[in-house]
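Just below is one structure, and these are the notes that go with it.
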Amino acid sequence: MILILFYLVTSFVILMDQLSKHWIRSSLQVGETIEVWEGVLNFTHFQNSGAAFGWFEGYGRLFVPVAIIIAVLSVYMLKKGFIYGKLLEIGVALFVGGAIGNAIDRTIFNRVTDFIHFQFDDGILNLADFALVFGVFLLLVDSLIIDAIKKRREIYQK
């Protein structure tokens with residue numbers, strides 16, 4: 001029963017990320033844009049050979065072993081009970097799914113397919129990027145807010 005939620009969320013993130021990237025690669029030429037929500041959201045096909053925001057341009061493959069290490073360490077920590085609770089498990093699963101989703105692109109294409117472009121920002125992202133960010137957000141919420149609430153309850157119960 002342990003890790004089922006982790007595996008389901010991780011697999012779902014990887015599947016949706018890869019399907020959406022495949023759709024973009026087969027529907028749009030690099031640089032081509034589809035307006036999704038006027039003035040707010042476009043799908044713009046972009047190939048990123050670096051990391052987030054184009055940092056480390058040309059060195060994206062260096063992040064593949066990092067993604068593998070993160071995935072293996074996460075499963076180990078979950079199995080050993082270092083990561084517990086649904087919120088933490090989902091946060092880790094989102095993070096791992098996002099890391100693996102982008103690692104797949106880096107391994108196969110030597111770059112990551114990005115396409116989600118909010119017009120109020122210059123960055124172009126993909127679903128894996130959103131999973132990474134939301135996963136970190138959940139980890140922070142759990143470790144900062146939930147732990148603080150638990151500690152406060154312990155103090156008042158004494």
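Residues in the stretch 91-110: is at least one in contact with a Lys or Arg (Cβ under 6 Å, 6 or more places away or on another chain) and part of a helix (DSSP H, G or I)? Yes, there is a match, as at least one residue in the stretch 91-110 is in contact with a Lys or Arg (Cβ under 6 Å, 6 or more places away or on another chain) and part of a helix (DSSP H, G or I). Total residues in the stretch 75-90 satisfying the condition of being without any contact (Cβ under 8 Å) to a residue 60 or more places away in the chain and in a helix (DSSP H, G or I): the figure is 4. Evaluating ASP17 against the criteria (1) modelled with pLDDT under 85; (2) of a type in the set (Asp, Glu); (3) surrounded by 13 or more Cβ atoms within 10 Å (Cβ to Cβ) leaves one unmet condition, (1). Where the second residue is assigned to a helix (DSSP H, G or I) and of a type in the set (S, T, N, Q) and the first is at pLDDT 65 or above and lies in the stretch 38-67, which pairs have Cβ atoms under 6 Å and are six or more apart or on separate chains? Partner pairs satisfying both residue conditions: VAL64/THR107. Residue under question is ALA148, and the condition is that it be aliphatic (A, V, I, L, M), over 27 Å from THR33 (Cα atoms) and modelled with pLDDT of 90 or more; does it hold? Criteria not met by ALA148. Pairing each residue of the stretch 96-107 that is closer than 10 Å to SER74 by Cβ with any residue that is among the small types (Gly, Ala, Ser) and in a helix (DSSP H, G or I), provided the two are 6+ apart or on different chains, yields C-beta distances under 6 Å for VAL96/ALA71; VAL96/SER74; ALA99/ALA67. Considering only residues in the stretch 76-118 that are among the β-branched types (Val, Ile, Thr) and under 16 Å from the mean Cα position of the chain (by Cα), the one that is nearest to VAL40 (Cα to Cα) turns out to be ILE116.
The values are calculated or read from the model by the stated rules, or taken from the named source; none is laboratory data. Quick caveat, the model's predicted, so the values are computed rather than measured. Counting neighbours? That spans all protein chains shown, and the Cβs are built from the backbone with ideal geometry, glycine included.
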